[in-house]
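Just so you know, all these numbers are worked out from the coordinates, no wet-lab data involved. For clarity, every value in this text was computed on a predicted model and none was experimentally measured. Methodologically, a virtual Cβ is constructed for each residue, glycine included, from the backbone with ideal geometry; neighbour enumeration extends over all protein chains shown.
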Amino acid sequence: MQKSGWLQKKSSGFLSRWQTRFVIVWDGFITIKHVPSKNKCKQFETVSAVKETDDKSFSVNCKDGKKLLLQCNSVAEREEWIAALVRGALEDMHGDGDVRQEQSNIDKEQTQEYENSGNLKQTPLEPSNSVISRNGREFRSLSYPSGQYVGEFQSGERHGMGRFEYHNGNVYIGSWNKDRKCGYGTLTWANNDQYRGDWKDNKMWGYGDFKYHNGNSYTGNFVADNKEGFGVEIWIYQKSCTAVYDSKPPGKFIWNNGDMYEGYWFQDEMSGEGTIKYINGNMYVGEMKSNLKSGKGRMRWASGDEYEGEWKAGVMNGIGRFSYAEDGLYDGAWLNDKRHGRGTMKYVNGDVYDGMWQNDMRQGEGRCEYANKDVFVGNFVANFREGWGVYTTAPVKVLMPDAALPKVLPGDEYSGNWHKDKKHGYGKYSWSDGDCYEGDWENDLRNNHGVCVYSNGESLDTWRDC
């Protein structure tokens, strides 16, 4: 064994004391305390044990740059040293008293049985030396069908702190409870993905930090291996994401184009209340479901347009109010981002339409009161007056002789057929002075067949406007 650096072992005994006492082993990191003398305060540092590429050495690295390099004669010796580090830490955690060794009489078996929960329970394949500490737990190294475990046992099950190296290259270091990962621990996959945080029933469950091998990361809540609740997820594409974001809830999600989501998660998806800030200046505040705007929410465009209402699958769908920066205000039904169903549109020029819409156009029965107070009630097709309808002009004020106030007379009224906003077909037009025409119309003009009755009683059977 060749050693260099600031850490030295006192003797060659397997359970010998250390000049520097190890007190915690966690996620491959070892928290140590220096005790230079009994009269000096303890100093705490954090170091990590790292396996070297030659399979026979490992290093213990401190954050301040201090380093211990252990060059072993074989892989087995290296594993013994790593086990000794863990055992020394566990011994210090459980007290400074003596420990005793026992020979475990575990028969060699290669059996696998399923527990009632359906999870695979693995039976050790070989016996190993064990150590009994004051808390009554065994510490030993055992081989399993899926890998090698070094750590604490209780009642024949992995229980307490331990390290499991899978044959596929994955490594878990942390807390165990009745043969399951439970408590705090770290799982590092062979592809260098890593999760560090809370576990329950062999699943990521609680608060944790997941770092992907490509640089992406997620910090937040997990439920049954899924991101759920508050969280921060940062995706990095081609090194284009260089900003740093805080990890306080609600969490933030950044797309590679710079758009950002801040809000809640459920089963790895943006769900619940959240905010999306687009790089072009648009912003959405409201409910999310399955990564899409869904429920009630408000969208503001950089152009000045604003919508507040219901959403479904990422589009305006349901009842909502849209304020157009240059066209007016619509309040009513929506379908697939378009006005569809019954709704009211107040135009900036003063016109007000209340009626049916289809595919973002006035379509069906409706009422339109124009800025000049004219009113049309009838049918619309593709925004035009079409089919049957009644058009009434604004009331007329007439000054009467010897009257203090003007008299308000009803306006003209046309009741009949329309085509593209023009009187076309059969209809009746009544003037406010009492004259009346009933007959055919073409492009807003009286045409051939019709009767005109004047207020004085005279009539004309055939009429044609020039």
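Report the Cα-based extents of the range 353-466 along its three principal axes, largest first, to the nearest Å.
Ordered largest first, the range 353-466 gives principal extents of 54, 40, 19 Å.
Say R0 is 30 Å: what FRET efficiency, to the nearest 0.05, do LEU329 and ALA394 get from their beta-carbon distance?
Result of the calculation: an efficiency of 0.85.
Can you compute the modelled spin-label distance between GLU365 and ALA382, with each label point 7 Å from Cα toward Cβ, in nm?
Each label point is offset 7 Å from its Cα along the Cβ direction, giving 2.4 nm.
Would you calculate the separation in nanometres between label points at ILE319 and TYR166, each defined as 7 Å from the Cα along the Cα-to-beta-carbon direction?
About 5.2 nm separates the two model spin labels.
Taking the mean number of other Cβ atoms within 10 Å as a proxy for protection, how do you rank 304-311, 163-170 from highest to lowest?
304-311, 163-170
Test of understanding: what is the full-extension gain from LYS338 to GLU442, defined as 0.36 nm times their sequence separation minus their Cα-Cα distance?
Fully extending the segment from LYS338 to GLU442 adds 34.1 nm.
What full-extension length gain, to one decimal in nm, is calculated for ASN192 and TYR454 as 0.36 nm per residue of separation minus the Cα-Cα distance?
Full extension from ASN192 to TYR454 adds 84.9 nm.
Computed FRET efficiency, Cβ-Cβ of ASN349 and ASP268, R0 60 Å: what is it to the nearest 0.05?
Between ASN349 and ASP268 the formula returns 0.75.
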